[in-house]
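K.L.:
This structure is in structure tokens; I'll ask about it shortly.
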Amino acid sequence: MGNRAAGPVVDTDGLMQVGVVAERLGLSIRSLHHWDEAGLVSPSARSAAGYRLYTEDDVNRLLTVRRMKPLGFSLEEMKQLLTSLAILDDPDADPTDTDRARTFIAECRRRAEDSYQSLQQRLTWADEFRYLLADIDDHAPQ
């Protein structure tokens, strides 16, 4: 794997390079680049050489996206959720925007619950199938 230093490489300002973030989150660098180019989660800074540099807050936003992706949320919905979360964190946000943000977050939660239940059912079926195949294999003539 080359001559990599042990542990994450973080510059003196606490900013992490894209490769470190990708490894930490179990994502590809390509995914992080795509999400940046799509305007979903952009790094807070760039190095003098133009490398993407991420803060801990950036990483937390990326974690939110990583959690939403397997549940079928679109990039636009991910953007809207991140925007809604930022609105809730803003003490000066317009109350109408805050209400819309809360409504959207509640809808995302409902969808996440539905997706979770569906995935749980699929895992149960997968377990049943694995055991069925194991039982067949155990009883098959050698």
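K.L.:
Which residue, of ALA112, ALA101, ALA86, is among the small types (Gly, Ala, Ser) and exposed (fewer than 14 other Cβ atoms within 10 Å of the Cβ)? Before you say what the answer is, go through the steps one by one.
P.N.:
On the way: ALA112 fails: exposed (fewer than 14 other Cβ atoms within 10 Å of the Cβ); ALA101 fails: exposed (fewer than 14 other Cβ atoms within 10 Å of the Cβ).
That would be ALA86, the only listed residue that is among the small types (Gly, Ala, Ser) and exposed (fewer than 14 other Cβ atoms within 10 Å of the Cβ).
K.L.:
When you scan the stretch 111-140, how many residues do you find that are over 19 Å from PHE73 (Cβ atoms), at pLDDT 95 or above and among the hydrophobic types (A, V, I, L, M, F, W, C)?
P.N.:
So the count comes out to 4.
K.L.:
Taking the stretch 63-99 on its own, how many of its residues are in a loop (DSSP other than H, G, I, E, B) and either closer than 22 Å to ARG24 by Cα or of a type in the set (Phe, Trp, Tyr) (or both)? Working first, answer last.
P.N.:
Applying the first criterion (in a loop (DSSP other than H, G, I, E, B)) to the stretch 63-99 yields 72-74, 90-94.
Okay, now just the ones that are also either closer than 22 Å to ARG24 by Cα or of a type in the set (Phe, Trp, Tyr) (or both), so 73.
Count: 1.
K.L.:
Further question: I need the full set of residues from the stretch 52-65 which are closer than 19 Å to SER115 by Cα and touching a helix residue (DSSP H, G or I) at 6+ places or on another chain (Cβ under 6 Å), in order please.
P.N.:
Filtering the stretch 52-65 for residues closer than 19 Å to SER115 by Cα gives 63-65.
VAL65, the sole residue that qualifies.
K.L.:
Separate question: Any residue at all in the stretch 45-56 that is more than 25 Å from GLY14 (Cβ to Cβ), out of contact with any Pro (no Cβ under 6 Å at 6 or more places or on another chain) and among the acidic types (Asp, Glu)?
P.N.:
no
K.L.:
Quick one: which of LEU88, LEU32 is assigned by TED's automatic domain parsing to the domain that holds SER118 and at pLDDT 95 or above?
P.N.:
Details: LEU32 fails: assigned by TED's automatic domain parsing to the domain that holds SER118.
Result of the check over LEU88, LEU32: LEU88.
The values are calculated or read from the model by the stated rules, or taken from the named source; none is laboratory data. What you see is a predicted model; the values in this text were computed from it and never measured. Glycine gets a Cβ as well: all are built from the backbone with ideal geometry, and neighbour counts include every protein chain shown.
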